[in-house]
1. Checking the structure you have, find out if any residue of region 208-221 is in the same structural domain as SER48 (by TED's automatic domain parsing), free of Cβ contacts under 8 Å to residues at least 60 places away in the same chain and part of a helix (DSSP H, G or I).
2. Scan region 130-144 and give yes if some residue there is under 21 Å from ILE229 (Cβ atoms), without any contact (Cβ under 8 Å) to a residue 40 or more places away in the chain, under 16 Å from the mean Cα position of the chain (by Cα) and in the same structural domain as THR470 (by TED's automatic domain parsing), otherwise no.
3. So which residues in region 76-85 are out of contact with any Phe, Trp or Tyr (no Cβ under 7 Å at 6 or more places or on another chain) and of a type in the set (Gly, Ala, Ser)?
4. Being crowded, with 19+ Cβ neighbours inside 10 Å, of a type outside the set (S, T, N, Q), more than 16 Å from THR106 (Cβ to Cβ) and modelled with pLDDT of 85 or more is the filter here; which residues of region 481-512 pass it?
5. Any chance you could count how many residues in region 95-129 are free of Cβ contacts under 8 Å to residues at least 40 places away in the same chain and of a type in the set (Ser, Thr, Tyr)?
6. With under 23 Å from ILE61 (Cα atoms), crowded, with 18+ Cβ neighbours inside 10 Å and in contact with a Phe, Trp or Tyr (Cβ under 7 Å, 6 or more places away or on another chain) as the only criterion, which of LEU224, LEU245 stands out?
7. Sort out which residues of region 108-120 are part of a helix (DSSP H, G or I) and either of a type outside the set (Phe, Trp, Tyr) or surrounded by fewer than 20 Cβ atoms within 10 Å (Cβ to Cβ) (or both), and write them in order of number.
8. Look at region 94-107 and say how many of its residues are within 13 Å of ILE76 (Cα to Cα), of a type outside the set (A, V, I, L, M) and surrounded by 18 or more Cβ atoms within 10 Å (Cβ to Cβ).
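The values are calculated or read from the model by the stated rules, or taken from the named source; none is laboratory data. None of these values were measured; they are calculated from a predicted model. A quick note on method: Cβ atoms are made from the backbone with ideal geometry, for glycine too, and the neighbour counts reach across all protein chains shown.
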Amino acid sequence: MAIEKQFQNNDNNKDKRSSVSQNEELYTSDCSTESIDLTSRIDEIVNSLDIGLFHYIITLICGLGFSGFSFCYQSIGFVIISACDLDINRNNKGWLSIAFMIGLATSASIYGRFADVYGRQKILVILLLINLIGMLASAFAYNYLMLVIMFGLIGSTYAGITTIVHSYLLEFFPRRYRGRAAAVLSSFLIFGNVYSSFIGLLILPYSFYSPIGAIYFTNWRLYLLVGSIPSLLSFCVLLFMPRSLRFVLAKNDKKGFRDVLNKINQINSYCKTTDDSYQQVIYCKVGHHDLRVEETSKDVKNDKGNTFLQDIRELLQPPWRKRLLLISFVWLGYCVADQGLAIWLPTVIAHYVNGKTCWHHHHSGMYNLLWNTTHSSHNVASDCQSGNNIRTVILNIFLGHLISIPIAILCVLLINRIGRKALYIILASMSGLCILLLLIIDTMQSSMIIACIFTSISTNGWTPCKIWSTELFRTEFRTTALGIASMMGHLGSILGMIIFAALFYISCTATLIILSALGLLTAVAALFLPDTTNADIR
């Protein structure tokens, strides 16, 4: 019996050594063979990760970089009314916003493609560096033309940042946490708006002039520098962050995969390196697959990455073609409705404050409104605001953004419960109805209330929209598809500005009907897209 027991123990030891040997082989081998198995394996590996300090840090840092977009977007209006030393007048004050939007529209798909080829983290770091250089140059702009050129450059960088940052963040999170993580990221747009208004209240009402070479360092220049602090923090920390976990798996990068998981473990364990969770992921989630080093090595050699045309061809195949067309229309229509009214909302409110309405306006009143909004620009000094005047303007905007905060919290809590699709349809429908209510109720008091509601709802509509858009496409061409959708959105923003500027003084009714209809149509188009809540994003 003792001899038989000894033989059994020897057999068990051999089995254990064999199992350990197989696990060690898997540890040193790559984690992909065919594309179908790879997709399943990526989801299993990512879903097995625990949420730790790393995930909180990466969410915060991505959010700070993302918030710079809303700061820069809002700063355009503040700079125009406070940069009295740049000779801004009614003929050129629109250049700044147009340059920014052109930069956004022309660069989104390009940077999306770069991120799919070279990696999300690398492109994000480069774009944030260029963005910081552009903001620094803007703060020391010699004249208005230089400021316009720099804002065009800044707009192009934010086209890439807003396209890539969602993909980069979500590809670190397990399926059960993706919705909330992306909702928190999108809510940083509200943080950017509040931060912009807050530092504007602290800096812009106080005038000072300090000569530096050929320029005077004034309050609006300091405002731009202080506003760049979140982007600077994001850039500094992202330098030490790993590449996207899903990206290195999709590229069959064995060394990159190991480095990413080691970095996550290092941060989660307070900088004490441990391989426990890494081995758990490899052994438990990859170990049951029959992988051979020769096969994976061959796959690594053959995986050189798809070309842009190959990705486009894949996107034009079912089911990606339908998704791309519908989500592009959603972005286009929602940007027309949201940005088209949001940018010109002060003009709409001024229309009602002057005693006019859309249904019963008088031509003389309309001409008076047109004169009031443009004639003062003949005198450059009258276009500048300072002291209590600019404080009042910024305070009203600041209060409007504060209303967005509770709605953003609700979005974070509901994004996984009711789903991305349902939440977006609700918010887009409410935004379109708010625009329509401006026309139907048609009084000054109602316009003030509805304008605040519209601002808070339309801003938060981007939370489910961007999460949903990110999850609709595969890892290999996700940011390429998002770049195309983002480009359509920026074109929609430009179209919304043109529609409003061309039609509002001719027919306020037609303008609001067009914007409302497009907002409601995006909700209808969203009905034909699949919901990605708790789904594998591949």
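1. No, there is no match, as no residue in region 208-221 is in the same structural domain as SER48 (by TED's automatic domain parsing), free of Cβ contacts under 8 Å to residues at least 60 places away in the same chain and part of a helix (DSSP H, G or I).
2. no
3. Result: GLY77, single match.
4. Within region 481-512, just LEU512 meets the criteria.
5. Total satisfying the criteria: 1.
6. Details: LEU224 fails: in contact with a Phe, Trp or Tyr (Cβ under 7 Å, 6 or more places away or on another chain).
On inspection, the qualifying residue turns out to be LEU245.
7. ALA108, SER109, ILE110, GLY112, ARG113, ALA115, ASP116, VAL117, TYR118, ARG120
8. 3
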